[in-house]
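Okay, structure first, notes after.
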Amino acid sequence: MKRKQILEGIKVLDFTQHVAGPSCTRMMAEMGAEIIKVELAPTGDQVRYLGYQKGGRSIYFLQQNRGKQSLCLDAKTERGQQILHDLIKQVDVLVENFAPGAIARLGCGWEVASRLNPELIMCSISTFGQSGPLADLPGYDYIGQAYSGVSSLIGEEDRGPSLPGAALGDTMTGAHALAAINGALFNRAMGGGGDHLDITLLDSYFHCHEMSVGVYSASNGKVAPRRSGSHQRILCPTGAFKGRDGYIMIVATPQQWPAFCKAIDMPELMEDTRFAHINDRVRNRFELIALIEDWLQRQDSDAASIKKLEAARIPVAPVLSVPEAMAHPHLVQRGTVRTVTQRGAGTFQMPGMPLRFKNHPGIEELETPYRGEHNVAILQRYLGLSEQEVTRMHAEGVLLREDIPAAG
C-alpha cells in the first residue's frame, strides 16, 4: 500500500527549542511524522515570545513549530517525569538540543531512554557534542561557526569577520540531524535496533569547508585560507560585482572563460597575458574586477547585463534583497516562499519546505500549537489517561496550558 507521507506513522518526542532542533522536527512534521513537542513549565519554548510577534506569539516560533502538538509539564515532579518515561516507550524518535547532560538531569538521558525503549532513535543536537574538551560550554550558531574556522573566511580582509544574516548553521545542523535520523530509522527497520545520534553545529560547520582544510594541510601550511571579501580568492571572476543598479553575482569557471569574454564584448581578454590562466586571473583579480565592473556599469541596466550573460550560459544572478526574493516568480511558483495562515496571527509568508518528493507532495496546512494545547489529546491517546486524570494534573501544576484566543 502506498504511504501517504514519507514519515507517516513515525512518532517523535521533541524536547527542542530555538532553531537547530525545531527546524529538524518541523521538517519531520512536514514529512508526516507525529511530533509531541515537550515544553517545560512554566514558560515553555524560550522563543515563543522572542522578537516580532503576531497574535501574542513570535514569528520565530510560528515558523519552526508548525504541525507539532504541545505538551507542557513540570518535569521536576514525579508524575511529570513518569509521563515522559511512559511516552518514551511509545515513540520512535526522541530529539533534544539541551546542553550535554541536561536531558539526563530530566531523567530522560540515553541510558534511561534506551532501557525504556531499546528500539528508540535518540538524537542529541548541541553546539560542541556530547564529548570532547568543549562539550560542557554553552553555545549557539555563531559560536560553532567561530570555532569551525568559517567565521574567519567571511568579510573583508582588513576588517573583522562579518556575520551572515541568516541562521545558516542552525538550519544546516537541523538538516544534518534529519539525515541522521532517517538513516537510523532505515537501519532500525533492517533489524539494527535503536541508536543515539550526536549531531553538532561545530561538526556541521566544519563539514562546509570545501577546500580550505585540505589545501592548508596538503600545502604544509603554505596556503592559508583567509577572508577575501566580495570575491573568491581561488576562482576569478567569481563574486559580487557592482553593476549599474546594484550588485550582480557572477561565477565563471575556467571552461566558461572564453564565453564570458565574448559575452562582455572583450574577446581580447582571452589573449591578455594578465588573464591567460586561472592563476593569472586570480593574481590580477583586482584589475579584472575593474574591467568587468566598468562593462556592467556601461550597460542599460543590470537586467540587460544579466540577460547577456545568461544568453552565454554564464551563471549569474542579481543580489536580491529579502523582499525582492520573496516576490520572485521562481520562488513563489515552487513554493519556496510559502503563504500560511495561523490562528491568531493571520496570513503571512515564510520559507517553504526545502525537501521535495514527487510521490509525496507534503502537508501544506499545519498549525503551530499554543503552549500545552494538546495535553489532554496526547495523554488520552498515548497513555490512555482519562480527561478527569488530566484535569487533576492541571490543577496540581503537573501540566500547564495557556488559553487559546477565540477565533476572530
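Being aliphatic (A, V, I, L, M) and open to solvent by 50 Å² or more (accessible area, probe 1.4 Å) narrows it down to one residue among A179, A135; which is it?
On inspection, the qualifying residue turns out to be A179.
I need the full set of residues from the stretch 133-160 which are among the hydroxyl-bearing types (S, T, Y) and closer than 20 Å to R233 by Cα, in order please. The answer is S148, S151, S152. For the residues L40, L50, L62, L7, the requirement of being touching a Phe, Trp or Tyr at 6+ places or on another chain (Cβ under 9 Å), under 21 Å from M353 (Cα atoms) and not charged (D, E, K, R) singles out L62.
Within the stretch 139-153, take every residue that is open to solvent by 20 Å² or more (accessible area, probe 1.4 Å) and not small (G, A, S) and give me the one that is farthest from Q17 (Cα to Cα). In this case the residue turns out to be L153.
Filtered by the rule that a residue be open to solvent by 10 Å² or more (accessible area, probe 1.4 Å) and not in a loop (DSSP other than H, G, I, E, B), the stretch 71-94 gives E78, R79, Q81, Q82, H85, D86.
If I filter the stretch 45-66 for residues that are out of contact with any Cys (no Cβ under 7 Å at 6 or more places or on another chain), part of a strand (DSSP E or B) and closer than 17 Å to A177 by Cβ, do I get at least one hit?
Looking through the stretch 45-66, none of the residues is out of contact with any Cys (no Cβ under 7 Å at 6 or more places or on another chain), part of a strand (DSSP E or B) and closer than 17 Å to A177 by Cβ.
Could we say that E364 is part of a loop (DSSP other than H, G, I, E, B), at pLDDT below 95, over 18 Å from A29 (Cα atoms) and not aliphatic (A, V, I, L, M) here? No: the conditions fail for E364.
Would you mind stating whether S152 is within 28 Å of D92 (Cα to Cα) and not in a loop (DSSP other than H, G, I, E, B)? Here the answer is no, as S152 does not meet what is asked.
Once the stretch 364-408 is narrowed to residues that are out of contact with any Leu (no Cβ under 6 Å at 6 or more places or on another chain) and at positive phi, the residue that is least open to solvent (accessible area, probe 1.4 Å) is G397.
The residues of the stretch 387-406 that are touching a Gly at 6+ places or on another chain (Cβ under 9 Å) and within 15 Å of R57 (Cβ to Cβ), listed by number, are R401, E402, I404, P405.
Within the stretch 290-303, the set of residues being of a type outside the set (K, R) and open to solvent by 30 Å² or more (accessible area, probe 1.4 Å) comprises A290, L291, E293, D294, Q297, D300, S301, A303. The set of residues from the stretch 95-113 being farther than 24 Å from A175 by Cα and assigned to a helix (DSSP H, G or I) comprises A104, R105, E111, V112. Residue pairs whose Cβ atoms lie under 9 Å apart, sitting 6 or more positions apart in sequence or on different chains, and linking a residue in the stretch 246-268 that is touching a residue at least 60 places away in the same chain (Cβ under 8 Å) and within 22 Å of L320 (Cα to Cα) to a partner that is among the charged types (D, E, K, R) and open to solvent by 40 Å² or more (accessible area, probe 1.4 Å), are I248/K242. Residue pairs whose Cβ atoms lie under 7 Å apart, separated by 6 or more positions or on different chains, with the first residue in the stretch 121-148 and over 27 Å from N182 (Cα atoms) and the second in a helix (DSSP H, G or I), are Y147/L202. Against the list (1) open to solvent by less than 40 Å² (accessible area, probe 1.4 Å); (2) within 33 Å of the chain's Cα centre (by Cα); (3) charged (D, E, K, R), the condition R281 fails is (2).
Are there helices (runs of 4 or more DSSP H) fully within the stretch 162-218 with at least 1 residues that are under 24 Å from T16 (Cβ atoms), in contact (Cβ under 8 Å) with a residue 40 or more places away in the chain and more than 14 Å from the chain's Cα centre (by Cα)? List them. Helices (runs of 4 or more DSSP H) meeting the threshold: 168-187, 201-206.
The values are calculated or read from the model by the stated rules, or taken from the named source; none is laboratory data. None of these values were measured; they are calculated from a predicted model. Here the Cβ is made from the backbone with ideal geometry for all residues, glycine too, and neighbour counts use every protein chain on show. The accessibility values were calculated without ligands, DNA or RNA, using every heavy atom of the protein model including side chains. Shrake-Rupley method; radii C 1.70, N 1.55, O 1.52, S 1.80 Å.
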